[in-house]
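The structure appears right after this line, and notes come after that.
Nothing in this text is a laboratory measurement; each read-out follows from the coordinates by a stated rule. Since we're looking at a predicted model, the values are computed, not measured. Glycine also receives a Cβ, built like all others from the backbone with ideal geometry; neighbour counts cover every protein chain displayed.
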Amino acid sequence: MIVPMAHVLAFSGALFVMGLACVLARRNIIMILIGVEIMLNAVGLTLAGASALWERVDGQVFVIFLMAMTSAEVSISLAMVVYLRRRKGSLDADAYDGMRG
């Protein structure tokens with residue numbers, strides 16, 4: 001492995017924390033979804049790095065499934081954003097509190 005695993009984990013951890021901060025700090029639905037994508041990419045990076053470290057293909061195969069899942073998630077969430085924008089006229093996450101009791 002060319003890159004040390006500690007560097008891969010540090011970079012992946014930094015990406016995950018940035019994605020989590022984006023999810024928690026933003027109120028725009030699109031920015032929340034981008035934060036989730038960044039967190040999923042950090043997990044994929046960790047899996048690929050661990051797969052290269054242990055010289056096994058399992059992590060890389062799982063990353064391919066993760067990429068397929070995230071592409072499906074993006075298409076569904078884009079459709080959801082378009083629908084919610086038409087329905088409420090806003091992409092602010094606080095505007096969608098209809099299920100609160």
Inset, instruction - Looking only at segment 40-54, decide whether some residue is surrounded by fewer than 16 Cβ atoms within 10 Å (Cβ to Cβ) and not aliphatic (A, V, I, L, M). - result: yes
Legend entry - Members of segment 55-101 that are more than 22 Å from Ile38 (Cα to Cα), among the aliphatic types (A, V, I, L, M) and loosely packed, with under 12 Cβ neighbours inside 10 Å: Val57, Met99
Inset, instruction - Quick one: count up the residues across segment 50-70 that are touching a residue at least 12 places away in the same chain (Cβ under 8 Å) and of a type in the set (Phe, Trp, Tyr). - result: 1
